[in-house]
Amino acid sequence: MNLSRVALAAGTAAASVVLLSGTAFAHVGVQPQGQAAQGGYATVNVKVPNERDNASTVKLEVNFPLDHPLASVMPQPVPGWKAEVTKTKLDKPLTLHGKQINEAVSKVTWTADGSKIGPGQFQQFPLSLGQLPENTDQLVLKAIQTYDNDEVVRWIEEQKGSEEPQYPAPVLKLSPAGEDHHGGAASTAPTASASASADAKAGHESDGGHATTETASASSTDTMARVLGVVGILVGLAGIAFGVLAGRRRSA
């Protein structure tokens, strides 16, 4: 009997841990697609779970730190949601691609426009970021989540010690510049991280970058055509040789 009670108590405790763990991790977060390297570009997803059983999320506001400003933040369209980018004038201008930038993105707001994040659901909001700062290893992106019952949850608490706060702010970790293509590290094969970073960078650059891509594509097409032409000639010669050999055999 005592063993049964002990087993029951242990099972109840284990179940409580699982439930509490699920609740603790169900918060707004930000995750890069690949790596987000210092001084480079990145595509990230802001993940928003719905924590309520009787309400739906209808608005999300993500704030960007102006002490480590970003000159460009571009949201990817999300069906059923309207995105608005807010910029703020900088006390000290940034230099990006040889140009001075006098303002930086301070906030991106998504508002439901025909869609909601219902109970038991989550939504991802993709962002293209650049150029990432070189003098910090993380960006704290404080977020505000609004439900359709007018409840507002502020994910703005920064973690000071080992214990996670109740409403932690999303944190984007930045890897050292040398680990990203922008930092100059060589690689014999493209990786998912490099591909995501390259896609993000392309979105922030001028049309000159697209011209380079088109030229490379045209060159690749021309090379393929030449290879196919040579293969065709070889196949033709092989056919002629076979025909001649067959004719000689018949004559013999």
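Around K59, with a cut-off of 14 angstrom between Cβ atoms, what is the net charge of the other residues, counting Lys and Arg +1 and Asp and Glu -1?
Its environment carries a net charge of -1.
Could you order R52, R154 so the one with the most accessible surface comes first? Probe is 1.4 Å.
So the residues, ranked largest to smallest area, are R154, R52.
Using modelled amide H (1.01 Å from N, peptide plane; none on Pro or chain starts), what sits under 5 Å from the amide H of G29, excluding residues fewer than 5 places away?
Answer set, sorted by chain and number: K47.
Which whole-Hz ³J(HN,Hα) couplings does region 70-75 yield from phi under the Karplus relation 6.51 cos²θ - 1.76 cosθ + 1.60, θ = phi - 60°, glycine and proline marked x?
Running phi through 6.51 cos²θ - 1.76 cosθ + 1.60 with θ = phi - 60° gives 10, 6, 9, 9, 10, x Hz.
Please list 70-79, 167-176, 122-131 highest first by mean number of surrounding beta-carbon atoms within 10 Å per residue.
Averaged packing, sorted descending, gives the order 122-131, 167-176, 70-79.
Can you list the HN-Hα couplings for region 151-161, worked out from phi with the Karplus curve (6.51, -1.76, 1.60; θ = phi - 60°), rounded to whole Hz and with x for Gly and Pro?
Along region 151-161, the couplings run 6, 10, 10, 9, 8, 10, 7, 8, 6, 9, x Hz.
Check cross-link reach from K142 to the lysines: straight Cα distance under 23 Å, and skip same-chain residues fewer than eight apart.
Straight-line reach from K142, under 23 Å: K47, K59, K82, K87, K89, K92, K107, K116, K160, K173.
Give me a comma-separated list of calculated 3J(HN,Hα) values for region 52-69, in order, Karplus coefficients 6.51, -1.76, 1.60 applied at θ = phi - 60°, integers in Hz, x for any Gly or Pro.
Calculated HN-Hα couplings, in order: 10, 8, 10, 8, 10, 7, 10, 7, 9, 10, 10, 9, 10, x, 8, 7, 10, x Hz.
Give me, ordered by chain and number, the residues 5 or more places off L96 or on other chains with an amide H under 5 Å from its own placed amide H.
For L96, whose amide H was placed from the backbone, the distant partners under 5 Å are I101.
The values are calculated or read from the model by the stated rules, or taken from the named source; none is laboratory data. What you see is a predicted model; the values in this text were computed from it and never measured. When we count neighbours, we look across all protein chains shown, and the Cβ atoms used for this are built from the backbone with ideal geometry, even at glycine. Remember, those area values only see protein heavy atoms, side chains included, never the ligands or the DNA or RNA. Shrake-Rupley method; radii C 1.70, N 1.55, O 1.52, S 1.80 Å.
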